[in-house]
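What follows draws every value from the coordinates through simple rules; no lab data is involved. As the structure is a computational prediction, the values presented were derived from the model and not from experiment. Glycine gets a Cβ as well: all are built from the backbone with ideal geometry, and neighbour counts include every protein chain shown.
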Amino acid sequence: MSVASISMFTVRVSLSYVLAYTWGLGAMGVWIGMAGDFLVRGTCYTWRWLHGRWQEKKVI
């Protein structure tokens with residue numbers, strides 16, 4: 001959940017703003033920003049999965 005929140009506010013919002021307003025891409029820039037967020041988030045999740053430290057966490 002923390003990866004999703006941090007990624008959304010740092011990557012999605014900032015990249016969407018830069019692409020939409022600075023580069024003038026409009027709605028297409030927002031969509032590209034969303035895709036960039038999914039790419040970063042997926043990379044973080046894959047890295048965590050492959051390293052296996054999540055298996056050491058106790059739920060109860």
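Filtering region 1-36 to residues that are closer than 21 Å to TRP54 by Cβ and part of a helix (DSSP H, G or I) leaves SER2, VAL3, ALA4, SER5, ILE6, SER7, MET8. Only residues that are assigned to a helix (DSSP H, G or I) and either charged (D, E, K, R) or in contact with a Cys (Cβ under 8 Å, 6 or more places away or on another chain) (or both) were counted in region 37-59, giving 5.
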